[in-house]
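Notes to accompany the following structure.
The values are calculated or read from the model by the stated rules, or taken from the named source; none is laboratory data. The model shown is predicted, which means the values in this text are computed figures rather than measured ones. Cβ sites come from the backbone with ideal geometry, for glycine too, and all protein chains shown count toward neighbours.
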Amino acid sequence: MKCGISVISNFDKEADNWLAARIGVPTFRILNLKLRPIEKLAAEFLKQFPKDSFIQSRVSVADLEVAAKLEALGFKEVEQLITFEVSILKRRFRRKAQVRSACVGDRERVVEIAGQSFAYSRFHQDPLIPLDVANAIKADWTEAYFDGTRGNEMIVAVNEGQVSGFLLLIENGNKLIIDLIAVDKKLTGKGLASEMVQFVMEHAPSHINAISAGTQKINQASIALYEALSFVPKMHQLTFHKHGAELD
């Protein structure tokens, strides 16, 4: 989904061609922003990015100076992201729903759920990204699993014979990362998300010792889900978006 990182004097930049194809403008991520005068940073932006660029950055909540520089450059905070983690404990849960690994035949239904079930993502919270585009990003993100280009495993929850939720996993060393999780909006509050996470905790490969999941601070239902399963917060970050390379 991403290209290589270019190291520049005042920051590093990374092109995101996958996201650019969905948003419709050149798309980049900046990292390691230096604490230079705003005028110098603004000039560098105009030099390095097309004027119609969509630019993203994510920093620790403790990195107040960098966050202030981003805001001075016209970035808008769109997300407070909390990353939770739990150590794997091989325990059995009592589940009501059928939970299993996804198969090819689940593709259409999973993509449908992904395109309708997100409200708190950074794309949905950005007022300059149309709702249909934000929904399409999540749908395409999920479909990438079935194309073999994202994720290592997908779990689905089946309710009354129909796939009603999914959980996409990425394996990173001895850790599993919950990349996306969603439940049909008509069935939220029935414990399906919890049962999918429990399934992962039960069936994680022997070399996995932790599960990590990120969610937005405003998504209180998601936070309650992870806390109920003994996840603890490990990292708190701010996500910023900027539409256009010029200084606002």
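For the list (1) surrounded by fewer than 21 Cβ atoms within 10 Å (Cβ to Cβ); (2) hydrophobic (A, V, I, L, M, F, W, C); (3) in a strand (DSSP E or B), I need the number of the one condition that residue 213 fails.
Evaluating residue 213 over (1) surrounded by fewer than 21 Cβ atoms within 10 Å (Cβ to Cβ); (2) hydrophobic (A, V, I, L, M, F, W, C); (3) in a strand (DSSP E or B) leaves (1) as the failure.
With the structure loaded, tell me whether residue 230 is among the small types (Gly, Ala, Ser), without any contact (Cβ under 8 Å) to a residue 24 or more places away in the chain and outside any strand (DSSP E or B) or whether it fails that test.
No: the conditions fail for residue 230.
Filtering segment 147-170 down to residues that are surrounded by fewer than 20 Cβ atoms within 10 Å (Cβ to Cβ) and in contact (Cβ under 8 Å) with a residue 60 or more places away in the chain, which residue is nearest to residue 102 (Cα to Cα)?
Only one residue tops the list, namely 158.
Taking only pairs six or more apart or across chains, which ones have beta-carbon atoms under 9 Å, a first residue in segment 185-214 that is more than 10 Å from residue 165 (Cβ to Cβ) and in the same structural domain as residue 98 (by TED's automatic domain parsing), and a second residue that is hydroxyl-bearing (Ser, Thr, Tyr) and not in a strand (DSSP E or B)?
Close Cβ pairs (under 9 Å, with a partner that is hydroxyl-bearing (Ser, Thr, Tyr) and not in a strand (DSSP E or B)) amount to 185/117; 197/226; 213/222; 213/226.
Residue-wise test of (1) part of a helix (DSSP H, G or I); (2) of a type outside the set (Phe, Trp, Tyr); (3) without any contact (Cβ under 8 Å) to a residue 12 or more places away in the chain; (4) crowded, with 19+ Cβ neighbours inside 10 Å.
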| site | (1), (2), (3), (4) |
| --- | --- |
| 35 | no, yes, no, no |
| 40 | yes, yes, no, no |
| 52 | no, yes, no, no |
| 69 | yes, yes, no, yes |
| 105 | yes, yes, yes, no |
| 109 | yes, yes, no, no |
| 123 | yes, no, no, yes |
| 136 | yes, yes, no, no |
| 145 | yes, no, no, yes |
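From 133, 61, which residue is within 21 Å of the chain's Cα centre (by Cα) and outside the structural domain of residue 185 (by TED's automatic domain parsing)?
61
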